[in-house]
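Since the structure comes first, as structure tokens, the remarks are kept for the end.
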Amino acid sequence: MSQPAITTHEQPIILSLENSGMCGSIALTARNQCLAEYSLTSKITHSKRLLGSIDFIMQESQLNWSDIDAIAVSLGPGSFTGLRIGLSTAKGLVMATGKQLLGVSSLEALALQVRYTDKLICPIIDARKKEVYAAFYRPKHGKLHSVSAQMAVTPQDLSQQINEPVIFIGDGGVLYKEMLTEKLGELASFAAPEIYFPRASAIGQLAQLNWQADNFLDPISAVPTYIRPSDAELM
């Protein structure tokens, strides 16, 4: 028999959406606990599978919308199309249910997955056009401290900013591993390729911190974090 959901200001239940890349991910989290997570890499677009996936995870978790306190979404950077779909879906759900909206960086969600390290963390996402999205985070006692702005940069220029041991995580690290190793030598290490994508459960964990800080988004004005302009904007 399922236990009733426990919801307090300190322990909200958050539905999280992560659609910044090819692997879509959805999770239900409470404080320090992942209640459910569903990730899928598929040729089916996010727009066609997202609502069905949300319905599936809600049913399997035996939770109702009345149990959910907030909806969190990955704001990017990442795929422009995926980010728009994710945020639009989250906005629609928030407006339909009256829940709070929370936004989280996909780079920070990646970094969270290797936070128990003594090295500088560099989440790195393929931005195409021979660039990557990246940032630097310093872990301390399992928490992340941002030490740079999010950036769109060539892997070569990124490597020139590094002068200490660093761990890369993300599909950009997989794609440019050989070049980064050549440039950085023993300073560079790489997270397992199996965790190259930001997980919705990590989005949910970071969203819990935003909840506690009352750091909510306005569903009308919230926009994705693209970092660089889209091709359409450049035309």
Can you tell me which of Tyr116, Tyr137, Tyr196 moves the most in a GNM of the chain? Springs connect C-alpha atoms under 10 Å apart. Tyr116
Rounded, prolate or oblate: which fits the range 120-200, taking a ≥ b ≥ c as square roots of the Cα gyration tensor eigenvalues, rounded meaning a/c under 1.5, else prolate when a/b beats b/c? rounded
Pull out the extension gain between Glu186 and Lys130, defined as 0.36 nm times the separation in residues minus the alpha carbon to alpha carbon distance; nm, one decimal. 17.8 nm
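Report the charge-dipole magnitude of the chain in Debye, nearest 20, computed about the Cα centre from +1 at each Lys and Arg Cβ and -1 at each Asp and Glu Cβ.
180
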Hey, could you pull the Cα Rg and Dmax for the chain, both in Å? 17.6, 57
Taking the C-alpha atoms of the range 68-141, convex hull volume expressed per residue in Å³: 90
In the Gaussian network model of the chain, springs joining C-alpha atoms below 10 Å, which of Gln59, Gln113, Gln205 carries the largest mean-square fluctuation? Gln59
So for the pair Val147, Phe56, with labels modelled 7 Å out along Cα→Cβ, what separation do we get in nm? 4.0
Quick check on my link table: of Lys48/Lys99; Lys43/Lys130; Lys43/Lys183; Lys99/Lys140, which ones sit more than 28 Å apart, alpha carbon to alpha carbon? Lys43/Lys183; Lys99/Lys140
At 0.692 mPa s and 37 °C, Stokes D of the range 35-169 from Kirkwood alpha-carbon radius, µm² per second: 195
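Please express the shape of the range 149-235 as an equivalent ellipsoid: the semi-axes are the square roots of 5 times the eigenvalues of the C-alpha gyration tensor, given largest first in whole angstrom.
29, 20, 12
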Under a 10 Å cutoff between Cα atoms, tell me which one of Val132, Val114, Val147 has the largest fluctuation in the Gaussian network model of the chain. Val147
Using 0.36 nm times the number of residues separating Arg49 and Gln33, minus their current alpha carbon distance, what extension gain do you get? 3.3 nm
Which helices count as membrane-span-like in the chain under these terms: full DSSP H, at least 15 Å along the axis by C-alpha, Kyte-Doolittle mean of -0.5 or more? 46-61, 80-97, 200-212
Whether the range 24-94 is rounded, prolate or oblate, judged on the alpha carbon gyration tensor where a/c under 1.5 counts as rounded: prolate
Convert each backbone phi in the range 22-29 into a coupling constant with the Karplus relation 6.51 cos²θ - 1.76 cosθ + 1.60 (shift: θ = phi - 60°), then list the ³J(HN,Hα) values in order as whole Hz, x for Gly and Pro. 5, 8, x, 9, 9, 8, 10, 10
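Read-outs throughout are calculated quantities, based only on the coordinates presented, and are distinct from any laboratory measurement. In this text the structure is predicted, and so the values were computed from the model without any measurement. As a convention, Cβ positions derive from the backbone with ideal geometry for all residues, glycine included, and neighbour counts pool all protein chains shown.
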